[in-house]
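Taking it in order: structure first as structure tokens, then the write-up.
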Amino acid sequence: MMERKRSDKCGGGGELNSDQSFNDTGIMQAPVAPKNRLEFLNTRPPPNYVAGLGRGATGFTTRSDIGPARAAPDLPDRSAAAVGAAGPSGVGRGRGKGPGEEEEEEEEAEDKGYDENQKFDEFEGNDVGLFASAEYDEEDKEADAVWDEIDKRMDSRRKDRREARLKEEIEKYRASNPKITEQFADLKRKLVTLSAAEWDSIPEIGDYSLRNKKKRFESFVPVPDTLLEKARQEKEHVTALDPKSRAVGGTETPWSQTPDLTAVGEGRGTVLSLKLDRLSDSVSGLTVVDPKGYLTDLKSMKITSDAEISDIKKARLLLKSVIQTNPKHPPGWIAAARLEEVAGKIQTARELIKKGCEECPKNEDVWIEACRLSNPDEAKAVIARGVKAIPNSVKLWMQAAKLEHDDASKSRVLRKGLENIPDSVRLWKAVVELANEEDAKLLLQRAVECCPLHVELWLALARLETYDAAKKVLNKAREKLPKEPAIWITAAKLEEANGNTTMVGKIIERGIRALQREGLEIDREAWMKEAEASERAGSVVTCNAIISNTIGIGVEEEDRKTTWVADAEECKKRGSIETARAIYAHALTVFLTKKSVWLKAAQLEKAHGTRESLDALLRKAVTYRPQAEVLWLMGAKEKWLAGDVPAARAILQEAYAAIPNSEEIWLAAFKLEFENNEPERARMLLAKARERGGTERVWMKSAIVERELGNVEEERKLLDEGLRLFPSFFKLWLMLGQLEERLERSTDARTAYESGLKHCPNSTPLWLSLASLEERLSGLGKVRAVLTTARKRNPQNPELWLAAVRVELRHGSKKEADNLMAKALQECPNSGILWAASIEMAPRPQRKTKSSDAYKKCEHDPHVIAAIGKLFWGDRKVDKARTWLNRAVTLAPDVGDFWGLLYKFELQHGSEEQREEVLRKCVVAEPKHGERWQVISKAVENSHQSVEAILKKLVVALGKEEKAAEENKH
């Protein structure tokens, strides 16, 4: 029987089916019924199925598998029934087409130039295939650009409608799906009304998920009796001494006693718990402990993390590679040893650095590292091998000296090092520091021979030698180092120390010329620093010589005055007073007639000199500038302060002779006589000044003298004459009104104030005096009208606003006062006195906020600073209050009110030294202004009182004001 054949393709015209067979005679038999196929062979294959993929076969796809652009017809279901029926001979080729039809389709595609079955493009249809072979030329490119522009134009026309529609959709979506924050916005706004107590009463959220958790089984075991007995014993207090302790009298603890390790452990646990409790912080019932903090505090061992161990391993591997590939690289050995040291393997580190010393015996850093890592007993041996390997290493010899414990051994090591390195300055300095004076002198003589170019050794030797020997040493040093300025400066100091001050200037002058001949540029700033160093060393003459010979080098002629004054001020700030004095002395030799330079020099002498030096300077100044009033007045005042009144009179007489028509000198002479209780002499001086045509100040001073003497009619006469001559001088009108008030002539006083305001409508003191008078005479309504008129005439005037606020407060109109204060701060937002009053008016809980706002607006206003200091004072924050009040008097030393506050504070909280310091500073400052200060200082009974007396009276007045304010509150 012939072998059954199976074709590769199922079906076909001339091919046999697999189920046809022939017998031996060649006659074809009837078809045999097919065997039952497996079920999965009759079903449709899954998507992306590739036959034989499991055994390594690779599939492929042909165009006939993809098919045309039309939807593919459903594949027939190869069920068992369908398989049993004999299909037509053509079934199985392509999609039901015979070979002839396929060839016709291929020919037709070639004739058309494209294939209908090519993949369909959604936008262009089959045009992609149609024009695939065409060339893309410039016309096509231009056409595409035109169509792109048309598309953009059409898109821009629809843009507004599209964006509006999109915005409407977004709003509609947000309205239908609001955020959580928007849903609760109205409730959040209501939280503003909650008080602090209501906030605190809100409970903390807890873990309510516990109720849903299953409770674990808990078992309870009774406590054994042994544990109870042990606890009872621990709680007992033993009052009797141990027999062993009694044997030594109870004063010593026997060493043979074995400690109770359990008790030690329990004590350690107690200490730990106490420290944790101390480090804990209770926040809303929770305990927060910083684990790093308490571990550090307990000095526990650092537990190395896995990451650190991993990093150490990586670094070890890397450094191992370094020292193996390049064993002559010293930093690699040092790094490897230090890594092992950090890792805690000190023995491995020593072995590594030992190998490093063997590989790099000529590197001093390796030997020093080996010395550091070695035991103290072995370090000397290591460093000995190092200096043997590198005998010229200064670092190794210095390290060897450090390892010695006594000075003799250190000196011996250093001298041995100098035998190998005789030109090492560092070694010479170290060995000289360890030697006594005689040995040091010998050593330095040898040192300058070995290191002749090092100036410090020469200078050190010169300081140790006698005067004559030191001069020889410096001469030799100058020969060896002709460009070294320090040698000349040291020579000048040497001459000054031995009393030859006349030689100092010559040496410095000769030295500068010699340095310039050597081509060295003279640096003015460096020489000024040398002058300051000479001053600190006590060589004042050398300092003056350096300044006089170098201050003008490199300065333009027109810049000399400003540059020298600036240099002197900088030196004064650094505390170099003699240098500043030398600069001014040199400047005055050049600018003999410059008043500003004389004044600066006089101020320096006044602050840091003596009365004699200041008097000598001022005498010299008025000789060259006799027309300078301020110099005469300063000299007279210094004599007066020294208690020498006749000398002050003599100076003023000389000044009047030099400047006969100077009103300042007339008034100074009047003040001198008036303050020294010589009213008749003062009246005569003022009468002469009035005869010579004095200004309004002369008339005012004359009226003051008459007021002091109680001559009312003479005072009125002088005021009337002065007002006829100077009607626009408000102080005369003010004095006239005050005179009428003293005489209780209220109507005449009102007339005087009103007349004064007609001539001086912008005078704030006149308005305030009139308002005070009207408040006493007519009450609240009239004073409101007066102050309203004053504010209209003088807008943005904080004093007038403050007076209006205080009037309302005095009459109990707190609400009206607050309204006025709000308007005042709107009109004068940067007024310190208004902000200070606003802080005092605010309720106590709001004062902190108000002071913060005031400080932001007026950061450097002394009134605000003082008000904040008073707040701290009231809160018992003593240090802060002292700081702020000191800052206020620093910002405004001329205002006496701040000095009164500070002195009152120190009386309450300070020491005696602090009170004395405040008094001293106040006397130096001589305050003239201040609302309360002027009331006391200008009172007739206090006209000749000292600053200290007025300050103490001010403190008493402040205390009375505080008591009155407290009584009004209660």
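Residue ranking by accessible heavy-atom surface, 1.4 Å probe, largest first, among Val448, Val50, Val935 comes out as Val935, Val50, Val448. In straight-distance terms, cross-link reach from Lys814 covers every one of the lysines whose alpha-carbon lies under 18 Å from its own, apart from those fewer than eight places away in the same chain; here that gives Lys823, Lys850, Lys969. For the stretch 868-970, with every protein chain kept in place, what is the accessible area per residue (1.4 Å probe, Å²)? Here the per-residue accessible area is 58 Å². What the Cβ-Cβ distance of Thr610 and Asp559 gives, at R0 = 35 Å and to the nearest 0.05, is a FRET efficiency of 0.60.
Couplings 3J(HN,Hα) for the stretch 490-501, derived from phi with the Karplus relation 6.51 cos²θ - 1.76 cosθ + 1.60 (θ = phi - 60°), are 5, 5, 5, 4, 5, 5, 5, 5, 9, x, 8, 5 Hz, where x marks Gly and Pro.
Sorted by mean Cβ packing within 10 Å, highest first, what order do the peptides 893-902, 166-175 take? Show your work: numbers first, answer last.
Details: 893-902: 23.7, 166-175: 9.8.
In decreasing order of mean packing, 893-902, 166-175 become 893-902, 166-175.
List residues of the stretch 746-761, by number, whose backbone nitrogen lies under 19 Å from a label position 7 Å along Cα→C-beta of Ala785. From the stretch 746-761, the list is 746-758.
Here the calculated FRET efficiency for Tyr173 and Leu318, from their Cβ-Cβ distance with R0 = 56 Å, stands at 0.45, rounded to the nearest 0.05. Excluding same-chain neighbours fewer than eight residues apart, the lysines reachable from Lys314 by a Cα-Cα span under 20 Å are Lys345.
List the GluC sites (Glu not before Pro) within the stretch 721-825 that fall in a DSSP loop (any state other than H, G, I, E or B) and whose Cβ has at most 15 other Cβ atoms within 10 Å.
Values: sites: Glu721, Glu740, Glu741, Glu744, Glu754, Glu774, Glu775, Glu799, Glu808, Glu816; in loops: Glu744.
Here the GluC sites (Glu not before Pro) that fit, given the DSSP loop and packing criteria, are Glu744.
All distinct Cα pairs of the stretch 714-792 go into the 1/r average, and the inverse of that average, the Kirkwood radius, is 12.6 Å.
Ranked by the mean number of other Cβ atoms within 10 Å per residue, highest first, peptides 176-185, 593-602, 540-549 order as 540-549, 593-602, 176-185. For the stretch 493-615, the carbon plus sulfur part of the accessible surface works out to 48%, probe radius 1.4 Å. With all protein chains kept in place, the per residue accessible area of the stretch 594-639 amounts to 51 square angstrom at a probe of 1.4 angstrom. Separation of the alpha carbons by more than 32 angstrom is noted, of Lys637/Lys938; Lys782/Lys880; Lys441/Lys483, for Lys782/Lys880. Considering the zone a paramagnetic label at Gln846 would reach in this model (a point 7 Å from Cα along the Cα-to-Cβ line), which residues of the stretch 791-827 have amide N under 15 Å from it? Inside the label zone: 814-826.
When the listed pairs Lys594/Lys620; Lys815/Lys963; Lys600/Lys921; Lys595/Lys620; Lys328/Lys355; Lys362/Lys388 are checked against a 20 Å cut-off, the alpha-carbon distance exceeds it for Lys815/Lys963; Lys600/Lys921. Normalising the Debye intensity of the stretch 901-970 to I(0), with uniform scatterers on Cα atoms only, and taking log10 at q = 0.19 Å⁻¹ returns -0.81. Per-atom-type breakdown for the stretch 625-687 gives carbon and sulfur 54% of the accessible area (1.4 Å probe, protein chains only).
Over the stretch 627-717, what per residue volume does the convex hull of the Cα atoms give, in whole Å³?
Residue-normalised Cα hull volume stands at 83 Å³.
Averaging the sequence gap over all C-alpha pairs within less than 8 Å and six or more residues apart, then dividing by the number of residues, gives the stretch 717-773 a relative contact order of 32 percent.
The simple Förster model, with R0 at 56 Å and r as the Cβ-Cβ distance, assigns Ala197 and Arg681 a FRET efficiency of 0.15. Applying the Karplus relation 6.51 cos²θ - 1.76 cosθ + 1.60 with θ = phi - 60° to the stretch 604-619 yields 3J(HN,Hα) values of 4, 5, 5, 7, 10, x, 9, 5, 5, 5, 5, 5, 5, 5, 5, 4 Hz, where x marks Gly and Pro.
Once fully extended, how much extra length lies between Thr502 and Ser946, figured as 0.36 nm per residue of separation less the alpha-carbon to alpha-carbon distance?
Working: separation 444, 0.36 × 444 = 159.84 nm, distance 4.81 nm.
Gain on stretching Thr502 to Ser946: 155.0 nm.
Label-to-label distance for Asn326 and Lys814 is 8.3 nm, based on points extended 7 Å past Cα in the beta-carbon direction.
How large, in percent, is the carbon and sulfur part of the accessible surface of the stretch 790-846 at a probe radius of 1.4 Å? Could you put the intermediate results ahead of the total?
Details: 1510 of 3020 Å².
Roughly 50 percent, rounded to a whole number.
A straight chain from Glu135 to Arg776 at 0.36 nm per residue would run longer than the Cα-Cα distance by 219.8 nm.
The values are calculated or read from the model by the stated rules, or taken from the named source; none is laboratory data. A quick note: this is a predicted structure, and the numbers were derived from the prediction, not measured. Positions of Cβ are generated from backbone atoms using ideal geometry, with glycine treated the same way; all protein chains shown enter the neighbour counts. We work out accessible area using only protein heavy atoms, side chains counted, and drop any ligands, DNA or RNA first. Shrake-Rupley method; radii C 1.70, N 1.55, O 1.52, S 1.80 Å.
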